[in-house]
Each structure stands twice: as structure tokens, then as C-alpha cells.
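> Below is one structure. I have some questions about it.
Bear in mind these aren't lab numbers, they're just calculated from the coordinates by the rules spelled out. As the structure is a computational prediction, the values presented were derived from the model and not from experiment. Here the Cβ positions follow ideal geometry from the backbone for every residue, glycine too, while neighbour counts run over all protein chains shown.
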Amino acid sequence: MIVGQQKPFAEIKASVHPYSKLLILGCGTCVKTCFAGGEDEVAILASCLRLAFRKDGQIITIDELTVERQCEDEFLKEAAPKIAQTEAVLSLACGAGVQMVASRYAGTPVLPGVNTTFIGILEKQGLFTEECSGCGNCVLGDFHAICPLSRCAKKLLNGPCGGSQNGKCEVNRETDCAWQLIIDRAKAFGQLDKLATYVPPKDWRTSYAGGPRKLVREDLVI
Amino acid sequence: MNGSRLQHMLTLGRFAVTAEVGPPRGANADIIREKAARLKGYVDAVNVTDNQTAIVRMSSMSSCVHLIQMGVEPVMQMVTRDRNRIALQSDVMGAYSLGIRNVLCLSGDHQTFGSQAEAMNVYDIDSLHLIHTLKTMRDEGRDMSGFQLNGAPKMFIGAAENPFADPFEYRVIRLAKKISAGAEFIQTQCVYDLPRFKEWMKLAHQKGLTEKVHILAGITPLKSARMAKYMAANVSGIMIPEVMIKRMEGASKEKAAEVGIKICLETIQELREIKGLHGIHIMAIEWEETVPEIVRAADLYPRPQVS
Amino acid sequence: MPCSSMTRELFLLKAFEAGASAVVVLVCPEGTCRYLEGNLRARKRVAQVKKLLDEVGIGGERVNLFNIPHGDQSGADGIIQQTISDLVRLGPNPAA
């Protein structure tokens, strides 16, 4: 899923401070599963903001709504009535959702409440790890399903570097060295010798380096 | 021969001695000239680091030019952390046009270690790609797009290897990979753990790699017990045996440097007996004044004159 | 609630929104939870609410968790008395 973390409370409070009517809009998909912007998180944030503004003696009306996803019109349109009645929207969706709200409701200021961070997995309860950087041309098949672009801090295709020690990365001694993982897995499958083959440079055109990307499915467009 | 004295030395089968300097954190070229002046005549070539540890310094290429102007042969280190393939190829061409003849290809310490950790990194290509590119530029006169260059840079191509990093068994496979890609000389991370280094050399020798590439062992003299402990704990890829740290701790503050140099000379003596080792690379960063002393005491002075 | 693990952050915050100056959460002693980790979960959530109340500016000291065996009336009384006397120092809820 897309993993993100709610912004620090002080930052959110400062960003919504100019408004007297606010709608906190949650999202029931990715940010819900990483406990950053689902229904429960919306309610807790709303409660905290009310307490904080009341303490400051500032009047602010906070409305709450969570839709299934903010990145699809079919679900986002359910928010139309509440958006029409508010001064600003604090969206707890990922960056894509926030931008969709702004695109569909051009007349209403939209603020982000979540720092969208990575595409990852839930390793165990409470621990999310980055796995994929969306390079647009998946080569996991060449690396025994461990991505050197996302999980090696130096994006080495012919790793490891000289800083790998005890299976950990030089950048963070709690992070596994992706190349150690690749080598271990290659060994387990009896394919260590294949890693002696030179892997040529990446064509980054399919990645975000090539500019904002689009996907058109001709079979679905009418 | 492309005009690299270092390459000439190694091809003739002479035991090579190289050293290393770090450029200044500023535009003051006197710093680099002073360091080079201390080394001149005592080594066959001097490596110039490339924003080492991701700390912003005067560029490697410009520092190399200062060295050339003083009659000192440089080895230009290039990391792939800060520049993409376009900039790297461009720099190689420019470097060759300025008289630089040796390049050491590295991926480079991650920028989070450095003085500007907020920076975006590049890592468009890795060190293997850079080695391969230098080889293609030299042997085919083409850049990475296949374009025929007007003037082919013919560099003596080097790479680094770290026998003290993990996974140990894969290090020799990676060495072979670098050689296939085009590496002609290797400078290793500094050696303290001789048994491990000898083990690695043995494996390399068994695979016939010591005949295909010139390996130079890294040496860094210890200045103090504190330095030894700091390096062992904090610098990735350095292993210092406990017995060595104890020797440093056993010395008084005034005598510590002396002990450090003694250990260094003992290490060099043992290294010279290793089959397939073609030289040493002395990294006495910010302690360049010890290099002449070490080279003399190790019986490696004067350096052979090669035309 | 059948178990203190059913304590949700929002309930505690709503209490403060309704005007409470302090909230006390009583949970079974550690190791005695019949659902094994319920009281540990409650502890984590109370810690989270403390943090939120600090960020809001009301003060996390106003919500506290205590381990107390079921039926210990005098223990519960003692905790409540202590909380009331703490409020003399903390003052009423500034967001009431």
C-alpha cells in the first residue's frame, strides 16, 4: 500500500488556523491501512483540533467525513455536499487524493494532513517498510524478488557496496543490506554464479525521472 | 600506453606505491599543493578524493590539475553519487584533455554521512557501469550512447574493493565482475586484519584474478588508540584486530604515533610477501607528512624511474 | 467495557471535549489480563492520548492509567482522591 504518516499536530494546526469552517476528509484505503488518515484518525484529529482551538479561544467548526477513496470520482463525489459547505478541506489522503480533491473542487482550498512517503508493506503490526519506488520497468525477476533500486540506498544494480557489514546497510545499521538479501536468496536457489553477470545501466525514462507519467488504457477509454 | 606512469610501473612488474589526498573545503589551492609537495618523489601517483564522505570539497578534477602542474601524477577518484552519466562522461573527457590519465571508479559514501545530508543523491549509474563506460570510451572511442567521440579518453581504469566488507564470499565474485567490466587496477580498503586480507588474496589468486588486475593494498597508519577505536566502531568497512588496538592503547600519548607507524611498517613487510599483490596505497589523510618516512623505512625509496 | 483494551483514544478525547479536566483509566494488573494483552494495548493508547494532549496544549498529565485489581474499591478511591488533588495544581480544562 501507499504508506504515509500524519503530519505533526503543530504543523496541521498552523495550516488550518486561517479558517473558521473546516472539513477533515479521510480516506478509507491506503492511509486507513497505515493508520494515518482513515475514519478513526479523522475523528481523533478533529477532537484534538477542537480542544486546541477552544483553548486558544478561537472559534472553528470542524466537520468530518471519510470516503472509500479520494482518488476516484465515484467515491469522492459523495463528499460534494460537505465540501460545498466548508471553507477549506484538510485531506488526510495520500498526495494523489489531496490533488484530486483540489482538481474536482477548484473553488475550495485543500490542505494536506498526511506526509505521503512510500509504497510498502506491513512487515508486522506497527512496522511498515519501503519496497517499491515505481520505476516503471520491473526487474524483480533478475534479483530474486528483492529490489535493488528501492531497497539499496545507492540503487546499485551490481552491488553490494563496500559499506555492507553484517548484512546491514551503511546508511542505517538497522536496515538490511538489500544486496546481502539478494545474495542469500541466490545462494538458497543455487544461483549465485548468475550474479557474476554484469547488469547494464537502468533506463530511467519509465521512472519519475522521465517526467510526470500517464497510463492510458485504450481498452477502457470510450 | 596512455601516458600513465602508474600503469607503466605496474606493467613493468614493479611494486607500486600510491598515496591519497583530500582537497580543501574551499577554493584555497595552496592546501592541495602543500599536501602534494610532501608526497612528491615518494609515490608513483596520488589519489585525489571526490567529495569524500559526502563532505563538500574542491572538486577532484580541478585538484588533479593542480597536481599535474606540480609534476605529481594524479589518480582522479570519481563517485557516482553526485553526478549522472551525462556529467560523468563529460568530466572524463575534460579530465583527459587536461592531462589526467588514471581514474578510480567508486559509488561513493552515501550523502547522509556528509556535510549537506539534505541533498538529493544521483546514483544514476554504479561503479561497475562507470568502469565499463571508461573501457568503452578507451577501446572503442564511443560514449554510452554509441556516439563516436572526437578524441577518445584513454584512462587507466581503477576500482576499489573491500575485503573487509560482507558478504565475504561474494567479494571475490565482485572483484571478478569489476575485472570483466574493465578494471585494470584495484586499491583496497586499509588493511589491519592481515589474516582476512591474505584469505581474500588467496581466493583471488586461486581464481587467476591476481594475474588479470593489479591489486594494491590500502594502508593507513594509526595515530592514536582513540583513532583506532573510532575507526573500528564508526567507519564502515574497516576491521581492526583487538590485539592491534591493545598495542596502541599500551603506548603513551607521545609514543602512540610511533607505535602506529611501526605497526604500519610491519604490515607492509607482510604484505610484500603476498603472492599477487602489486603495490600499496597509503591513505594517511591529514597526516601526509608520515608518507615519506614510511616509504623510506619500508625500503621503497627512491621510487624507480620509468620513462 | 469488558476489557480495558476496548478503550479507544477517541473516547478519552471526547471526555475532554465534553469538559472533563482529568480522566482516569483503570486496568487490570499486568500479567492478569484474561485477554492476555488487553491492558498493554490500553497503556499504549493512553500514552498516545497523553502525547496528543501535550501537542494540543492541554497537558498529557490530565489522563493517566493505573493498574488495579478488579474489586479493589479502596484502591480506586485512593486514585481518584489523588487525581482530584492533582487538579488543584493543574487547574480546570482550559478548553472547556
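> Based on other C-beta atoms within 10 Å, arrange C:Asp72, A:Asp184 from fewest to most.
Lowest count first: C:Asp72, A:Asp184.
> Now a separate question. How crowded by other chains is A:180-189, given as the mean number of beta carbons from other chains within 10 Å of each beta carbon? Show your work: numbers first, answer last.
Working: counts 3, 0, 1, 6, 2, 0, 1, 3, 0, 0.
Mean shielding by partner chains, rounded to a whole number: 2.
> Quote the FRET efficiency, to the nearest 0.05, computed for B:Glu258 versus B:Arg33 with a Förster distance R0 of 25 Å and r equal to the Cβ-Cβ distance.
Efficiency at R0 = 25 Å is approximately 0.30.
> Taking H as built 1.01 Å from N, whose amide H comes closer than 5 Å to the amide H of A:Phe128, not counting residues under 5 places away?
A:Glu123
> Something else now. For chain B, set up a GNM with springs between Cα atoms under 10 Å and report which of B:Ala176, B:Ala119, B:Ala159 has the largest fluctuation.
B:Ala119
> Sticking with this structure for a sec: Inside 10 Å of the C-beta atoms of C:45-56, what's the mean count of C-beta atoms belonging to other chains?
What the average comes to for C:45-56 is 3.
> Also: Taking Rh as the Kirkwood radius, which is the inverse of the mean 1/r over Cα pairs, what is the Rg/Rh value for the protein assembly as shown?
The Rg/Rh ratio comes out at 1.09.
> Please list the non-local residues whose amide H lies under 5 Å from the amide H of B:Ile219, H modeled 1.01 Å from N, same-chain partners needing a gap of 5 or more.
B:Val191, B:His281, B:Ile282, B:Met283
> Report, in debye and to the nearest 20, how large the dipole of chain C comes out about its Cα centre when Lys and Arg carry +1 and Asp and Glu carry -1 on their Cβ.
That gives chain C a dipole magnitude of about 260 debye.
> Quick check: the angle from helix A:178-188's long axis to the longest principal axis of chain A, C-alpha only, nearest 10 degrees?
Relative to chain A, helix A:178-188 is tipped by roughly 50 degrees.
> Can you run phi through the Karplus equation (6.51, -1.76, 1.60; θ = phi - 60°) for the stretch A:137-151 and list ³J(HN,Hα) in whole Hz, with x for Gly and Pro?
8, 5, 10, 4, x, 8, 10, 6, 6, 10, 7, x, 7, 8, 10
> While we're on this one: Could you tally the net charge around B:Ile125, taking each other residue with its Cβ under 15 Å from the Cβ of B:Ile125, Lys/Arg +1 and Asp/Glu -1? Please report the intermediate quantities before stating the final value.
Values: positive: A:Lys154, A:Lys155, A:Lys202, A:Arg205, B:Arg81, B:Arg83, B:Arg85, B:Lys135, B:Lys177, B:Lys178; negative: A:Asp203, B:Asp50, B:Asp82, B:Asp91, B:Asp124, B:Asp126, B:Asp143.
Overall, the nearby charge balance is +3.
> How much FRET efficiency would the formula 1/(1 + (r/R0)^6) give for B:Glu140 and B:Ser62, where r is the Cβ-Cβ distance and R0 is 25 Å, rounded to 0.05?
0.30
> Sticking with the crude label model, points 7 Å out along Cα→Cβ, report the distance from C:Arg34 to A:Ala106 in nm, one decimal please.
Simple spin-label model gives 6.1 nm for this pair.
> Let me ask something else. Springs between alpha-carbon atoms under 10 Å, Gaussian network over chain B: tell me which of B:Ile131, B:Ile245, B:Ile282 tops the mean-square fluctuations.
Greatest mean-square fluctuation among the candidates belongs to B:Ile245.
> Using the count of nearby Cβ atoms within 10 Å as a rough guide to exposure, how do C:Ser5, B:Ser60 rank from fewest to most?
Listed from fewest to most nearby Cβ atoms, that is C:Ser5, B:Ser60.
> Looking at this model, which pairs from A:Lys7/C:Lys51; A:Lys55/C:Lys44; A:Lys32/A:Lys124 are more than 22 angstrom apart at the alpha-carbon?
Result: A:Lys55/C:Lys44 exceed 22 Å.
> So which GluC sites (Glu not before Pro) in the stretch C:1-66 are both in a DSSP loop and have at most 14 other Cβ atoms within 10 Å of their Cβ? Numbers along the way, then the final one.
On the way: sites: C:Glu9, C:Glu17, C:Glu30, C:Glu37, C:Glu55, C:Glu61; in loops: C:Glu30, C:Glu37.
Listed in order of number, the matching sites are C:Glu30, C:Glu37.
> About its Cα centre, what dipole magnitude does the stretch A:2-117 give when the only charges are +1 on Lys and Arg Cβ and -1 on Asp and Glu Cβ, stated in debye to the nearest 20?
340
> Can I ask one more? Exposure proxy check: C:Arg62, A:Arg205, C:Arg45 ranked by fewest other beta carbons within 10 Å?
A:Arg205, C:Arg45, C:Arg62
> Rounding to the nearest 10 and keeping the result within 0 to 90°, find how far the Cα-based axis of helix A:39-56 lies from the longest principal axis of chain A.
50
> For the stretch B:98-112, just list the computed ³J(HN,Hα) in residue order, Karplus coefficients 6.51, -1.76 and 1.60, θ = phi - 60°, integers in Hz, with x standing in for Gly and Pro.
8, x, 6, 10, 10, 10, 10, 9, 9, 7, x, 4, 4, 5, 5
> Let me ask something additional. Per residue of A:3-14, count partner chain C-beta atoms within 10 Å of its C-beta, then hand back the mean as an integer.
For this peptide, the per-residue mean of nearby foreign Cβ atoms is 1.
> Report ³J(HN,Hα) in whole Hz for each residue of the stretch B:5-18, in order, from the Karplus equation J = 6.51 cos²θ - 1.76 cosθ + 1.60 where θ = phi - 60°; Gly and Pro get x.
Karplus-based 3J(HN,Hα) across the stretch B:5-18 equals 5, 4, 4, 4, 3, 5, 5, 6, x, 7, 6, 8, 10, 10 Hz.
> As I understand it, the value is the acute angle between the Cα axis of helix A:95-104 and the longest principal axis of the Cα atoms of chain A; what does it come to in degrees, rounded to 10?
40
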